[in-house]
Amino acid sequence: MPFEKNDFILIDYIATIKETGELIDTTIADVAKKHKKYSEGKVYEPLLVILGEHRVVEGLEEELAKMNIGEEKTIEVPPEKAYGRRDPNKVKLMPLRNFTKRGIYPKVGEVVEINGVPATIRNITGGRVIVDFNHPLAGKTIVYQVKVIKKIEDPLEKVKYLLHRRLKNIPPDKFIVKIVEGSLRVEMPKEAYLIDNIQYVKQTVVKEIEKYVSIAPTVEFVEKYTIKLPEVQHVPEKKVEAKNTG
């Protein structure tokens, strides 16, 4: 049966540009290698999608809601439901010195950040730079080959996957999640202890738990350290011989 808003599902997908067949992204390592788009640092695995969260493009999310567990489907998503149509007003001409005075020496095709907004360098000529603020995939029809792998039903498993998508290099089962005395307790694996932004991750996940899971009024994060206690030396008792005083 079709899924509902806030359902947690895992999907595998292959995303390509319809016009060229170029691979944009995939969850499958062998496909990435075949297209010479494999990245060593990337974790290739089914993607968590929370329906209604809008973390995937609109056209894909709409079709996923109509699918069933185990179903495979090819979905064509037009620009207006993917990354938008190209807007010529988002192409700007800027002086090269605006970049160089900030220590930036732009190259054609490079993506730079301008006032917090990513932009693509389209051309550099005569001390001027043509900058495109359109999304790189704006105007493209995206083709998704999708398979729904699983629907996550267990609330505790949902929490594991919320943590995992923020900490991709730590498998979901490494997080020990349980209800203890009415509180949701998360025992963090050692791999997470020294991650730079771990406090931000925890705060973000707590907000997501409140929104999508909400099974306890409090959330506890536990770190466990094993310490080696000194060995207790056993001192044998001395035998005292009774003296004959007779």
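For the range 106-174, take N as its residue count and report Rg(C-alpha) divided by 2.2 N^0.38 Å.
The reported ratio for this selection is 1.83.
For a quick protection proxy, order the peptides 227-237, 153-163, 188-198, 12-22 by their average other-Cβ count within 10 Å, most packed first.
153-163, 12-22, 188-198, 227-237
Summary of the geometry: the range 55-88 and the range 149-223, compared by the centres of their Cα atoms, lie 28 Å apart.
Send over the semi-axes of the range 88-132's equivalent ellipsoid, whole angstrom and largest first, taken as the square roots of 5 times the C-alpha gyration tensor eigenvalues. It would help to have the intermediate numbers written out before the result.
Numbers: eigenvalues 40, 32, 18 Å².
In descending order, the three semi-axes are 14, 13, 10 Å.
Coordinate range of the alpha-carbon atoms in the chain per principal axis, descending: 120, 56, 39 Å. Dividing the convex hull volume of the alpha-carbon atoms in the range 154-230 by its residue count gives 103 Å³ per residue. Counting neighbouring Cβ atoms within 10 Å and putting the fewest first, the residues ILE130, ILE152, ILE215 line up as ILE215, ILE130, ILE152.
The ratio of the alpha-carbon radius of gyration of the range 22-143 to the globular-protein estimate 2.2 N^0.38 Å is 1.33. Please report, to two decimal places, log10 I(q)/I(0) for the range 110-246 at q = 0.11, 0.18 Å⁻¹ as given by the Debye formula with identical point scatterers on the Cα atoms and no solvent. Values returned for q = 0.11, 0.18 Å⁻¹ are -0.71, -1.05. Contact order, relative form, for the chain: 19 percent (alpha carbon pairs under 8 Å, 6 or more residues apart, mean separation divided by residue count).
Rule-based calculations on the coordinates, nothing more; no lab input. Predicted, not measured: the structure shown is a model, and the values here were computed from it. As a convention, Cβ positions derive from the backbone with ideal geometry for all residues, glycine included, and neighbour counts pool all protein chains shown.
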